[in-house]
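Trainee: First, the structure itself, so that you have it in front of you.
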């Protein structure tokens with residue numbers, strides 16, 4: 001997953017709009033690798049067949065809890081599946097219990113689990129969506145201790161929560177305003193120092209992009225353009241070109 005994800009982000013350097021099918025392939029491969037992680041972690045079989053980069057590959061089941069089967073990787077995989085418009089993978093991810101993610105014992109803030117449960121409830125149409133979203137957002141409030149730091153909580157984690165709120169309530173004008181703020185916050189975080197600026201993970205605002213994809217697919221008019229949000233990923237230009 002790490003290798004495919006880095007490859008996808010690095011495509012932004014040579015194809016910032018993701019106009020080439022090779023860029024779509026890279027993002028799809030990252031989604032497929034991430035999905036394979038959680039499929040292998042939840043299967044009751046000895047192994048699973050997973051489509052990764054055009055090939056069916058046998059992935060052994062994870063017998064013991066693995067540190068990478070965690071909340072952070074789940075969120076990344078969810079965002080990737082939204083961008084790649086793969087409803088089947090999204091539904092499968094939404095049936096991964098947060099208890100399974102806790103088994104990794106990865107150091108992460110408690111609000112991440114509420115955010116995951118909010119996303120699952122949103123996608124599956126469950127009634128606890130609003131409560132889980134409020135719970136998740138409260139964890140990003142300034143002054144609340146955070147394992148990742150307040151800047152990350154407020155500039156990276158909070159914006160997609162706000163975006164999903166406006167998407168869920170059908171408020172297009174507020175969504176676009178929030179999207180503009182989200183992309184500005186992303187830039188502020190990833191250009192705060194040279195180490196962050198050199199990281200490919202800042203080249204695409206994956207979570208805001210995913211929320212924008214959810215909004216566009218619900219017939220929202222997306223008025224914001226940004227290098228952090230490749231246009232052809234947003235529009236799913238290459239969707240349907242090959243099985244994902």
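The values are calculated or read from the model by the stated rules, or taken from the named source; none is laboratory data. Because the structure is predicted, anything quoted here is derived from the model rather than measured. Counting neighbours? That spans all protein chains shown, and the Cβs are built from the backbone with ideal geometry, glycine included.
Trainee: How many residues does the stretch 101-117 hold that are under 18 Å from the mean Cα position of the chain (by Cα), farther than 20 Å from residue 42 by Cβ and either surrounded by fewer than 19 Cβ atoms within 10 Å (Cβ to Cβ) or at pLDDT 95 or above (or both)?
Mentor: 3
Trainee: Cβ-Cβ below 6 Å, separation at least six or inter-chain, first residue in the stretch 33-47 and closer than 12 Å to residue 92 by Cα, second at pLDDT below 95 and in a helix (DSSP H, G or I): which pairs?
Mentor: Nothing qualifies.
Trainee: Another question, then. Search the stretch 177-197 for residues that are without any contact (Cβ under 8 Å) to a residue 12 or more places away in the chain and pair each with any residue that is in a helix (DSSP H, G or I) and exposed (fewer than 14 other Cβ atoms within 10 Å of the Cβ) when their beta-carbon atoms are under 9 Å apart and the residues are at least 6 apart or on different chains.
Mentor: 191/197
Trainee: Mind checking which residues of the stretch 10-30 are touching a residue at least 60 places away in the same chain (Cβ under 8 Å), assigned to a helix (DSSP H, G or I) and surrounded by fewer than 19 Cβ atoms within 10 Å (Cβ to Cβ)?
Mentor: Result: 10, 13, 21.
Trainee: Continuing with this model, one more query. Count, please, the residues in the stretch 58-69 that happen to be assigned to a strand (DSSP E or B) and surrounded by fewer than 14 Cβ atoms within 10 Å (Cβ to Cβ).
Mentor: 2
Trainee: Kindly list the number of the only condition in (1) more than 17 Å from the chain's Cα centre (by Cα); (2) free of Cβ contacts under 8 Å to residues at least 24 places away in the same chain that fails for residue 87.
Mentor: Result: residue 87 passes all but (1).
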